[in-house]
1. Among (1) modelled with pLDDT under 95; (2) closer than 18 Å to Gly102 by Cα, which single condition is Cys115 missing?
2. List pairs: first residue in the stretch 26-52 and aromatic (Phe, Trp, Tyr), second residue assigned to a loop (DSSP other than H, G, I, E, B) anywhere in the structure, Cβ distance under 8 angstrom, at least six positions apart or on different chains.
3. Pairs only if they're at least six apart or on different chains, beta carbon under 8 angstrom, first in the stretch 182-200 and closer than 22 Å to Met220 by Cα and in contact (Cβ under 8 Å) with a residue 24 or more places away in the chain, second assigned to a helix (DSSP H, G or I) and of a type outside the set (A, V, I, L, M, F, W, C); list them, first residue then second.
4. Looking at the stretch 212-225, which of its residues are more than 23 Å from Ile71 (Cα to Cα) and surrounded by fewer than 17 Cβ atoms within 10 Å (Cβ to Cβ)?
5. Given the conditions (1) in a loop (DSSP other than H, G, I, E, B); (2) in contact with a strand residue (DSSP E or B) (Cβ under 8 Å, 6 or more places away or on another chain); (3) surrounded by fewer than 23 Cβ atoms within 10 Å (Cβ to Cβ), report the number of the one that Ala154 does not fulfil.
6. Among the residues of the stretch 81-93, are any buried (at least 17 other Cβ atoms within 10 Å of the Cβ) and part of a loop (DSSP other than H, G, I, E, B)?
7. Given Ser52, Ser147, which one is among the polar types (S, T, N, Q), assigned to a loop (DSSP other than H, G, I, E, B) and buried (at least 22 other Cβ atoms within 10 Å of the Cβ)?
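The values are calculated or read from the model by the stated rules, or taken from the named source; none is laboratory data. No experiment lies behind these values; they were computed from the predicted model shown. We place every Cβ from the backbone using ideal geometry, glycine too, and count neighbours over all the protein chains shown.
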Amino acid sequence: MQLLHALYLAALASAAPTTKSRRFTTDAPFGNKKGLAYNSGADTSVLSTTGSATWAYNWGAARNAPKFQQIPMVWGPGSEGDQAGALASYHADPNDTPWVLGYNEPDETGANGGCNASPQAAYNAWGDDMFQFSDLGIKLVCPAITSWDTTNGATGGPSGLTWLRDFASIGNNPSQFRCSAQALHWYGTNGQTAQQQADSFIGYIESASSTVNNIFGTNMLLWITEFSPLPVNDAQLMADFLDIAMPWLDNTNYIDRYSPFMADYMVTNGALNVAGQHFVKDS
């Protein structure tokens, strides 16, 4: 075993749940679904502790969270740098790159963090961008969509599950995308309590799962790669929200992995804040 991979496994072991066995099946390290969506690699190091996440991603292919399994993303159609980075990650350590995430919010504007691609544009690029990974045995996650569901979203075109339905219907063969999971994003409502927002989150994911299964004609795993109550960066609100949401996520079999938005908001001045403390405890 290479020294680097041995060190990586040792770091992951510190984040493995130790107090009880989990009741779900996932290929995440140590059966721990929790992940980190991050901008600051330094903040992920603070979150490397018992009960915490075992994997991380940063909306691209940069590898700035070495204490975690690092899942690359091809951010948008034609993102050649991300493709090259993901391939480099695989060739450096195939065991550390079991998945590649597809496009980030093609149903959202660039100003709001989305890659802003129509279903047809995403369809046209998907094979060239993504099949090079599935040909290596890497599993693919279909494009992450917002929780809006309308024909007239922020980009002026379809959004949310409507975007996904239009994307998957092109060619009338959803299996052609070679996706083993679907990514979803969700944000809450300002002014609501943590309980109200957690109830809305769970209700949305349950409903969306049924719709996704119908769109693809099979039972799909879900990755919830961005989610947060509003306002974001309210540490106590997030802590209370996670206390409700994480046990449900951990015990729902079709949830394969999840990562709240975001790691940077669970660390303050180089230490875990209350949201980080609640996140890392074994749920």
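1. (1)
2. Note: pairs meeting the criteria are Phe30/Ala15; Phe30/Ala16; Phe30/Pro17; Phe30/Thr54; Tyr38/Asn58; Tyr38/Asn64; Tyr38/Ala65; Tyr38/Met262.
3. Within 8 Å, the pairs are Trp186/Tyr204.
4. Narrowing the stretch 212-225 to residues more than 23 Å from Ile71 (Cα to Cα): 213-218.
Asn213, Asn214, Gly217, Thr218 - these are the residues of the stretch 212-225 that are more than 23 Å from Ile71 (Cα to Cα) and surrounded by fewer than 17 Cβ atoms within 10 Å (Cβ to Cβ).
5. (2)
6. To start, the set of residues in the stretch 81-93 that are buried (at least 17 other Cβ atoms within 10 Å of the Cβ) comprises 82-83, 85-87, 89-90.
Then keep just the ones that are part of a loop (DSSP other than H, G, I, E, B); that gives none.
For the stretch 81-93, residues buried (at least 17 other Cβ atoms within 10 Å of the Cβ) and part of a loop (DSSP other than H, G, I, E, B): absent.
7. Unique residue meeting the criteria: Ser52.
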